[in-house]
Amino acid sequence: MKIAFYGSSLLSSYWNGAATYYRGILKALASHGHDITFYEPDAFDRQQHRDIEPPSYAKVVVYPATTDALARVLDAGGDADVVVKASGVGVFDAELIQGILRHRNAIRIFWDVDAAATLDEMRQADDHPVHAALRELDMVLTYGGGPPVINAYEGFGAKRCIPVYNALDPETHHPAPRNDRFAADLGLLANRLPDREARIEEFFLRAAALLPERKFMLGGNGWHDKAMTDNVRAIGHVGTADHNAFNCTPNAVLNVARDSMANIGFSPATRVFEAAGAAACLITDAWEGIEQFLKPDEEVLVARDGQDVAEHLKALTPERARAIGDGALARVLAEHTYELRGHQVHAILTEQRARMSVPA
């Protein structure tokens, strides 16, 4: 099928945590023969911080963040079999969701990469553009959320809501040699965001304060003016090309969910699978549904607060860290690759096209 995909950015992960997810899903879909065009706006300095070249699996159209350019790219998707509006594009989100509804012969999809936040917005505003569009859309796909998100979306009027979880592309994220630039007892890769900062203060910065003799490393945008203890080193943005070394070098790496995702559960971040794919020893904050992806104490360590993180680090031997990382890698390779997610989405699209071909 011909797919027109309107998202934040495929070419840049700069302030764009969905980049790895888009790349993995679309690469897997292309292997099924789908012809994909990804439309992304030139906004938020992302084009100045590209971390991949235009890929072979999708044509990328970068358009100016103007109303005229928006109209052109929406018109360009008019001959597509599938049109997708992803959440969080950041410019013209309302216009994009309305624009894809015009393509009535196509499968029309809203793909939510932050369902918990979108649902909170819809609860607060009856005229939310996604809420208004749900009954015309053919389906909602989400990258997390499980039963709570499915029930909420269907309660708002979605015809179908199907989670397509984050996963691993083993060609991109895999074990790699250590890099002394990332040496630490615990590493965390996370941009500074309002709905995650307090949890990072608790799970990461408090753990650092409790273990002044240990070394902590923080990668991601926005932390330059944050007060931290002397044993924390903030290194700024880490491009995806360095994620493997970042995950493989510290004794352990930490995942901290955003507030909304932790509350709703069943929402493993991309970082979870990147770390597992690198056979890193992962410590994650506790959230409902973790067992669906990794087994606590054998494939991942789970912490309820910063004290738990500190206790995990004090008890962690190199041998145990290696065993947990190896267990995580084996699990995600068996059950959580983008190849498997691509099979899932291909089957969803094939089934939906068959439904639309049957006379009413």
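From largest accessible area down, sort R322, R233, R353; use a 1.4 Å probe on the protein chains.
Numbers: R322 135, R233 100, R353 65 Å².
Sorted descending by solvent-accessible area, the residues read R322, R233, R353.
Quick check for you: with a 1.4 Å probe and neighbouring chains kept, what is the accessible area per residue of the chain, in Å²? Present the calculation step by step, with values, prior to reporting the outcome.
Working: 14700 Å² over 360 residues.
Result: 41 Å² of accessible area for each residue.
Could you work out how far the C-alpha centroid of the stretch 73-88 sits from that of the stretch 304-354, in angstrom?
31 Å
Rounding to the nearest 20 debye, state how big the charge dipole of the stretch 273-344 is about its Cα centre with +1 on each Lys and Arg Cβ and -1 on each Asp and Glu Cβ.
On the way: 7 positive and 14 negative charges, 34 e Å.
That gives a dipole near 160 debye.
As a test of reading the structure, rank T67, T270 by solvent-accessible area (1.4 Å probe, protein chains only), most first. Walk me through the numbers before you get to the answer.
Values: T67 90, T270 10 Å².
Order by accessible area, largest first: T67, T270.
Treating the beta-carbon of each Lys and Arg as +1 and of each Asp and Glu as -1, no other charges, what is the dipole magnitude of the stretch 1-78 about its Cα centre, to the nearest 20 debye? Provide the component values of the computation, followed by the final result.
Working: 7 positive and 8 negative charges, 47 e Å.
Dipole magnitude for the stretch 1-78 comes out near 220 debye.
Express the Stokes-Einstein translational diffusion coefficient of the stretch 126-193 in µm² s⁻¹, to the nearest whole number, given a Kirkwood radius over alpha-carbon pairs, 10 °C and a viscosity of 1.306 mPa s. Walk me through the numbers on the way to the answer.
Values: Rh = 15.6 Å.
Using the Kirkwood radius from Cα pairs, D works out to 102 µm²/s.
Roll a 1.4 Å probe over the protein heavy atoms and report the accessible area of F38 in Å², nearest 10.
Solvent-accessible area, nearest 10 Å²: 0 Å².
Each residue of the stretch 96-112 in order: what ³J(HN,Hα) in whole Hz does its phi give by Karplus 6.51 cos²θ - 1.76 cosθ + 1.60, θ = phi - 60°, with x for Gly and Pro?
With coefficients 6.51, -1.76 and 1.60, one gets 5, 5, 5, x, 6, 5, 5, 8, 6, 8, 9, 6, 9, 10, 9, 10, 9 Hz.
Which one, N166, A234, H312, is farthest towards the positive end of the dipole of the chain when Lys and Arg carry +1 and Asp and Glu -1 on their Cβ?
With unit charges placed on the Cβ atoms, the residue in question is N166.
Treating the angle as unsigned and between 0 and 90°, give the value, to the nearest 10°, between the Cα long axis of helix 318-335 and the longest Cα principal axis of the chain.
It works out to around 10 degrees.
Given the -39500 (n - 2.57) contribution per DSSP H run of 4+ residues, what per-residue ellipticity at 222 nm results for the chain, rounded to the nearest 500 deg cm²/dmol?
Rounded to the nearest 500, the figure is -10500 deg cm²/dmol.
How big is the accessible area of K226 in square angstrom, nearest 10, if you roll a 1.4 angstrom probe over the protein chains?
Its accessible surface works out to 40 Å², give or take rounding.
Using a Förster distance of 41 angstrom, determine the FRET efficiency expected from the C-beta separation of K295 and E213, and round it to 0.05.
Numbers: r = 31 Å, r/R0 = 0.75.
FRET efficiency, K295 to E213: 0.85.
So what are the ³J(HN,Hα) numbers for the stretch 213-230, from phi and the Karplus equation (6.51, -1.76, 1.60; θ = phi - 60°), rounded to whole Hz, Gly and Pro as x?
Coupling constants for the stretch 213-230: 7, 9, 9, 10, 10, 10, x, x, 7, x, 9, 4, 10, 7, 5, 9, 6, 5 Hz.
Take the Cα atoms of the chain, find their three principal axes, and give me the spread along each one in whole Å, biggest first.
66, 41, 37
Expressed as a whole number of Å, what is the distance separating the alpha-carbon centroids of the stretch 243-260 and the stretch 1-62?
Computed from Cα coordinates, the inter-centre distance equals 23 Å.
Of the accessible area of the stretch 160-273, with the probe set at 1.4 angstrom, what percent is carbon plus sulfur?
Numbers: 2200 of 4470 Å².
Of all accessible area on the stretch 160-273, carbon and sulfur atoms account for 49 percent.
Just want the answer: with Cβ charges of +1 for Lys and Arg and -1 for Asp and Glu, which residue in M356, S260, T249 is farthest toward the dipole's positive end in the stretch 212-360?
Going by the charge dipole, the pick is M356.
In debye, nearest 20, what is the charge dipole magnitude of the chain about its Cα centre with +1 on Lys and Arg Cβ and -1 on Asp and Glu Cβ, if you could check? Before the final figure, lay out the partial values.
Working: 36 positive and 49 negative charges, 101 e Å.
The dipole of the chain has a size of about 480 debye.
Need the list of lysines near K85 for cross-linking: C-alpha distance under 26 angstrom, and skip anything on the same chain fewer than eight residues off.
Those lysines meeting the cut-off are K2, K27, K59, K159.
Normalising by the residue count of the stretch 202-338, find the relative contact order in percent from Cα pairs under 8 Å and 6+ residues apart.
Numbers: 211 pairs, mean separation 33.7, N = 137.
Worked out over the stretch 202-338, it gives 25 percent.
Using a 1.4 Å probe and ignoring any ligands, DNA or RNA, find the accessible area of E121 and quote it in Å² to the nearest 10.
90 Å²
Could you sort D126, D120, D68 by their accessible area in this structure, using a 1.4 Å probe and putting the largest first? Walk me through the intermediate numbers first.
Numbers: D126 130, D120 65, D68 105 Å².
These residues rank, largest area first, as D126, D68, D120.
The values are calculated or read from the model by the stated rules, or taken from the named source; none is laboratory data. Quick caveat: nothing in here was measured; it's all calculated off a predicted structure. Glycine also receives a Cβ, built like all others from the backbone with ideal geometry; neighbour counts cover every protein chain displayed. Side chains are part of the model used for accessible areas, which takes the heavy atoms of the whole protein and leaves out ligands, DNA and RNA. Shrake-Rupley method; radii C 1.70, N 1.55, O 1.52, S 1.80 Å.
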